[in-house]
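Before any comments, here is the structure.
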Amino acid sequence: MNPFGEDIARVLITEEELQKRVAELGAQISSDYFDKNPLLICVLKGGYVFLADLTRCLTIRHAIDFMAVSSYGNSTRSTGVVAILKDLDRDITGRHVLIVEDIVDTGYTLSYLMENIRLRSPASVRICTLLSKPSRREVDLKVDYVGFEIPNEFVIGYGLDYAEHYRGLRFIGVLSPRVYSQ
Ligand code: IMP
């Protein structure tokens, strides 16, 4: 059931497509991190649905932790300013870290996080994002696992919000520009 009918211009990625791709990513990560006991760091809030599905597709030993960083607020554009609102619970020295993110847009958020995490001396750091908007990138960033490359449109659902709405949708939808231009 979708209570937001007219706010959504169209469905970009269906629930079935999401589940299939997340399972593929889970299999790939399980193979790449076999016997490495990786720590998956979920970037809140947007990454929580992706992490929950991804972790259930892993067939290897792993742990999870969470970080919360400042996002766009109620706007649809990045400022490049990142603040840590919630830090990791544990020391990550010597751990194989995989950052799990909902979407890479300009890349500012993740390049800041990569730098911040690298300073804590993990054994390795990689990035796994569900969505990527390559045409919007403003910083040079290596993204190791990408679920879907998408066009430059503002999307919501499957953890992603606009002004804290739409996170519970089971699909990725394009937000009608009418919603943020009014
Ligand atoms: P970046 O720093 O520009 O790469 O932006 C990353 C963050 O911006 C993501 O973690 C999201 O919180 C937010 N964001 C970017 N594009 C979208 C979108 O299309 N829908 C919802 N949130 C977005």
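The values are calculated or read from the model by the stated rules, or taken from the named source; none is laboratory data. Bear in mind that the values here come from a model prediction, so they are computed numbers and not experimental data. When we count neighbours, we look across all protein chains shown, and the Cβ atoms used for this are built from the backbone with ideal geometry, even at glycine. Ligands, DNA and RNA are excluded from the accessible area calculation, which covers all protein heavy atoms including side chains. Shrake-Rupley method; radii C 1.70, N 1.55, O 1.52, S 1.80 Å.
For V11, indicate whether it is of a type in the set (A, V, I, L, M), in a strand (DSSP E or B), open to solvent by less than 70 Å² (accessible area, probe 1.4 Å) and at pLDDT 95 or above. Give the derivation first.
Working: of a type in the set (A, V, I, L, M): yes; in a strand (DSSP E or B): yes; open to solvent by less than 70 Å² (accessible area, probe 1.4 Å): no; at pLDDT 95 or above: yes.
So V11 does not fit the description; no.
Considering only the range 161-182, state which residues are among the hydrophobic types (A, V, I, L, M, F, W, C) and within 8 Å of the ligand (Cβ to nearest atom). Full working, then the answer.
First, the residues of the range 161-182 that are among the hydrophobic types (A, V, I, L, M, F, W, C): 163, 169, 171-172, 174-175, 179.
Answer for the range 161-182, where residues must be among the hydrophobic types (A, V, I, L, M, F, W, C) and within 8 Å of the ligand (Cβ to nearest atom): just L175.
For residues that are at pLDDT 95 or above and either aromatic (F, W, Y) or open to solvent by 50 Å² or more (accessible area, probe 1.4 Å) (or both), scanning just the range 63-84, find the one that is farthest from the ligand (Cβ to nearest atom).
I64
Tell me which residues, restricted to the range 88-105, are open to solvent by 70 Å² or more (accessible area, probe 1.4 Å) and of a type in the set (D, E).
Result: D89, D91.
Quickly run through the range 147-160 and pick out the residues that are away from the ligand (no atom under 11 Å from the Cβ) and either modelled with pLDDT under 95 or part of a loop (DSSP other than H, G, I, E, B) (or both).
Hits for the range 147-160: nothing passes.
K142 versus (1) surrounded by fewer than 18 Cβ atoms within 10 Å (Cβ to Cβ); (2) over 29 Å from A27 (Cβ atoms): which is the lone unmet condition?
Answer for K142: the failing condition is (2).
Is it the case, given these coordinates, that R167 is over 29 Å from R95 (Cα atoms) and crowded, with 17+ Cβ neighbours inside 10 Å?
Numbers: over 29 Å from R95 (Cα atoms): yes; crowded, with 17+ Cβ neighbours inside 10 Å: yes.
For R167, the condition - over 29 Å from R95 (Cα atoms) and crowded, with 17+ Cβ neighbours inside 10 Å - is met.
Looking only at residues in the range 128-146 that are in a strand (DSSP E or B) and either of a type in the set (S, T, Y) or within 11 Å of the ligand (Cβ to nearest atom) (or both), which one is farthest from I172 (Cα to Cα)?
Per the criteria, the residue is Y145.
What number of residues within the range 33-45 satisfy the criterion of being open to solvent by 10 Å² or more (accessible area, probe 1.4 Å) and touching a Phe, Trp or Tyr at 6+ places or on another chain (Cβ under 9 Å)?
Filtering the range 33-45 down to residues open to solvent by 10 Å² or more (accessible area, probe 1.4 Å) leaves 34-37, 39, 44-45.
Now restrict to residues that are touching a Phe, Trp or Tyr at 6+ places or on another chain (Cβ under 9 Å): 44.
Qualifying residue count for the region: 1.
Conditions: (1) more than 11 Å from the ligand (Cβ to nearest atom); (2) on the phi < 0 side of the Ramachandran plot. G94 meets all but one. Number of the miss?
(2)
With the requirement that a residue be buried (at least 17 other Cβ atoms within 10 Å of the Cβ), more than 10 Å from the ligand (Cβ to nearest atom) and among the hydrophobic types (A, V, I, L, M, F, W, C), what does the range 112-127 give you? Give the steps one after another, and end with the answer.
Residues of the range 112-127 that are buried (at least 17 other Cβ atoms within 10 Å of the Cβ), as a first pass: 112-114, 117, 122, 125-127.
From what's left, more than 10 Å from the ligand (Cβ to nearest atom): 114, 117, 122, 125-127.
Passing the criteria: M114, I117, V125, I127.
Give T129, T55, T106 a once-over and let me know the one that is within 14 Å of the chain's Cα centre (by Cα), at pLDDT below 95 and of a type in the set (V, I, T).
On the way: T129 fails: at pLDDT below 95; T55 fails: at pLDDT below 95.
One residue alone meets the criteria, T106.
Among the residues of the range 32-62, how many are within 18 Å of Y145 (Cα to Cα) and more than 12 Å from the ligand (Cβ to nearest atom)?
Going through the range 32-62 one residue at a time, the tally reaches 21.
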